Amino acid sequence: MHRLDPLLRPRSIAVVGASSREGAVGRQTLENLMAGGFPGAIYPVNPGRSQVLGLPCFSTFSALPKTVDHAVFCIADTHLEPALDAAIEHGIQAATIMSNLVLEDDQAPLLQDRIAERIRQSGILLCGANGMGFYNFHDGVWVCGFDTRHNHPRGGNVALISQSGAGMSGIIDCEERIEFNLAVSTGQELAVGMHDYLDFALDLPGTRAIGLFMETARDPKALISAFEKARRLNIPIVVLKVGRTELAARLAVSHSGAIAGRDASYQAVFDCHGVQRVNDMDELTTALIMFAQPHPVGPGALAAIHDSGGERQHLIDLADELEVPLARVSSATEAQLQSILDPGLPAVNPLDAWGRGGPDADRLMERAFAALMSDPDSALGAVVHDRAPLGHIYREYIGYLRQGHAASGKPVFLVANRQGTGADPAVIETTREGFPVLDGLRSFLVGARCLLNFRDAMIRPRHAPERPDPKIIQHWRKRLAADVALDEFEAGQLLSDFGVPVASSQKISSLKAALGAAEHIGFPVALKTLEPGIHHKTAVGGVFLDIENAKALEEAYTKLEASLGPSALVSRMVTETGLELMLGMIRDEQFGPVVLLGFGGTQVEALADVKTALAPFSAHDARGLLDQLRLRNLLGPARGQPAAAIGQFCLAAERFSVMVDCLAHELHEVDVNPLIVNAQGCVAVDALIVGRTPDTPKTITTRNTQ
């Protein structure tokens, strides 16, 4: 039993507004329930009808012979409130509302708010409003007021949950290669959210993959819990997240009442939980087809066989652009291929195996593909051959797939470089056999990347980084809770206590103390004012850099004391050159604190080359994030220069993430920039930390460039 059973697998359904009129939502809903083979009782409700589509029709809920589980409302919004009240009084446990809950000249509280309050008070489960309903193909419950194809098989192994109605119907209505077990248009999610449907889909027997068309996360915590459940069950989730741009986010708000979060924060959530992201509906559909096939992805990368040198080059270019790794064949495989191929064809991957042609050409292709798939570095394979005339596929190509799989047990795909015209029943037949036939090389490569990344995410070690002494955590929680701003010295202590290396410094309030601090730290030093209320130190002459000796320090401090006051900071002047990286934390309004890491320095905004992650994470995870940066090649040794201590930065990032996790409720924003990383190690030379108050954030320290 699942808590959504009354909604998604009810024993009985009342269709309010049932109709025999062509094109009416009340008629289409009944037709869909019948087409799906709903196993329970169907009760049309309409005071103006005695029967609808051969079923007895009842005037009101009170006239029904028994209490129904689920009511589907196919009526205008002007009549919805009294009808819902009657259904709730009748004792329904669930309902579906497809209308958008908008009335002309409505007054606050608006209809949507009034309906939401009724749903909340009654505790019923609601699909919608402003959606297209759902299809539980596994149990034969088709609750939708719009037409669809009627050849959906019972059962299925792929679920599709969409916050866009067209995002659901645009895939399930015309994609016969996927056998769906559940498809939901979630609508406004007034009572039941995407996370709830996701949890239900994960419990359906046979679910092999789940697709999400997402505008926003209305309950981020619950959504993350569902992602974690999918990870435990080793069930891949593929998401198309819309609303990346400011305009798209605003339209998402106006369309569904959702608040679109920062896109980078969503990516951090997806990365943390192994959720695979795609860019459009073609990629979403292709990835779901690929995940639905039953054969596990092996170690290694992509292998592909072609009958065209030019199209092989096309795949190589796209794979490089999309960062899809290509298998490196062994010398043994190379020798085997050379014995099969016609003269002049190089034994490489991707492989152009079409030579002189002739009656044995197909047999040669089969043998070559089988050899390629048997290589230890081939994780999955593709036969990249275009469609036959009229959009059909050559049956010989299916033979290539079967031979390649038989030789290796690995997943194989038939891929056309572009969509062919027309349809071919062999496409559906072969795909459902476990050898997907796909259209569009780019979409296929994105799907291949999803398969490989999901494989890696499932085997990636996950461990909680070590936390500091609880006394340290408690001290800083208490300190940050006090409505007193930290100065730069104390901010450095905070970072240092959590293991982030910080340039050594001392807080002073006299010339004697300044000279003593410099002697202890060692010249050259930097001198900065610590007088309270000064937020832009450089602008008021509060920063002196590259102080080489005691005389220069005395002159600088005398000027500083006279103009701003005696309180100051003496810190080691980091003179060693190196990479300038950064660590940061922002508070996302949906997901809470997220960590940023990447290239820093004075050009951090211009470079905009950072990655985001949820805290805490390991040094190994930090290295993986750095490897995704656009400028990642700069992380290696420069010509004639030793390699920077990237491992030390990754360890600092791990400790920083632990700090963010431990102080998640006390911190609002942190910016450690730059961290100088060179052969000697990693050290932070400046930081901005902003804490939280119950009402507004408070500035703890201000950032100055050393």
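The values are calculated or read from the model by the stated rules, or taken from the named source; none is laboratory data. No experiment lies behind these values; they were computed from the predicted model shown. Backbone-built Cβ (ideal geometry, glycine too); neighbour counts: all protein chains shown. The protein model used for the area step is the full one, side chains on, heavy atoms only, and it has no ligands, DNA or RNA in it. Shrake-Rupley method; radii C 1.70, N 1.55, O 1.52, S 1.80 Å.
Lysines within cross-link reach of K528: Cα-Cα under 27 Å, excluding same-chain residues under 8 positions apart? Correct list for K528: K478, K507, K512, K537, K551, K559, K698. Projecting the alpha carbon convex hull of region 438-559 along each direction and taking the average yields 14.4 nm². Taken about its Cα centre, region 509-613 carries a charge dipole of about 220 debye when Lys and Arg each add +1 at the Cβ and Asp and Glu each add -1 at the Cβ. Positive end of the dipole of region 337-463, charges at C-beta (+1 Lys, Arg; -1 Asp, Glu), about the Cα centre: which of A426, P346, G381 has its Cα farthest in that direction? In region 337-463, that residue is G381.
Couplings for region 378-388, taken from phi via the Karplus curve 6.51 cos²θ - 1.76 cosθ + 1.60 with θ = phi - 60°, read 8, 8, 7, x, 9, 9, 9, 10, 6, 5, 7 Hz in order; Gly and Pro are left as x. When the solvent-accessible area of the chain is split by element, carbon and sulfur atoms take up 51 percent of it, the probe being 1.4 Å. Whole-percent P(r), the chain, all Cα pairs, 20 Å bins from 0: 16, 37, 31, 15, 2, 0. When the trypsin sites (Lys or Arg not before Pro) in region 105-196 are filtered for DSSP coil states and for at most 13 other beta-carbon atoms within 10 Å of their beta-carbon, the remaining sites are R149, R154.
Where Lys and Arg each count +1 and Asp and Glu each count -1, what net charge lies around A457 among other residues with Cβ under 10 Å from its Cβ? Summing Lys and Arg as +1 and Asp and Glu as -1 gives +2. Placing one identical point scatterer on every Cα of region 410-464 and ignoring solvent, what is log10 I(q)/I(0) from the Debye formula at q = 0.19 Å⁻¹? Each listed q maps to, in turn, -0.74. Relative contact order of the chain: what whole-number percent is it, with Cα pairs under 8 angstrom and at least 6 residues apart? So the answer I get is 8 percent. Here is what passes the span test in the chain: the DSSP H helices with alpha carbon length of 18 Å or more along the helix axis and a Kyte-Doolittle mean of 0.0 or above are 361-374, 441-459, 646-662. Taking amide H positions as modeled 1.01 Å from N, with prolines and chain starts lacking one, the residues under 5 Å from S378 and 5 or more places away or on another chain are A301. The peptide list 562-570, 353-361, 7-15, put in order of mean Cβ contacts within 10 Å with the highest first, becomes 7-15, 562-570, 353-361. Averaged over its residues, the chain has an accessible area of 42 Å² per residue, based on protein heavy atoms and a 1.4 Å probe.
Report the normalised scattering of region 550-630 as log10 I(q)/I(0) at q = 0.11, 0.22 Å⁻¹, calculated by the Debye formula with identical scatterers on the alpha carbons. Evaluating at q = 0.11, 0.22 Å⁻¹ gives log10 I(q)/I(0) of -0.53, -1.02. Summing Cβ point charges (Lys, Arg +1; Asp, Glu -1) relative to the Cα centre of region 468-532 gives a dipole of roughly 120 debye. Across all C-alpha atoms in region 586-668, the radius of gyration and Dmax reach 13.8, 46 Å. Close amide H pairs (under 5 Å, H built 1.01 Å from N) link T96 with A71, V72, F73, C127, residues at least 5 positions away or on another chain. Kirkwood radius for region 119-253, taken over all pairs of different Cα atoms as the inverse mean of 1/r, rounds to 15.2 Å.
Under 5 Å from the amide H of D352 lie the amide H atoms of H306, each residue being 5 or more positions distant or on a separate chain, with H modelled from the backbone and absent for Pro and chain starts.
For region 285-397, a simple Cβ point-charge model (Lys and Arg +1, Asp and Glu -1, everything else neutral) yields a dipole of about 300 debye relative to the Cα centre. Normalised Debye scattering of region 72-199 at q = 0.20, 0.22, 0.23 Å⁻¹ gives log10 I(q)/I(0) of -1.11, -1.27, -1.35, counting only Cα atoms as equal scatterers and leaving out solvent. Cross-link partners of K471 among aspartates and glutamates, defined as those whose alpha carbon lies under 14 angstrom from its own and excluding same-chain residues fewer than eight positions apart: D497.
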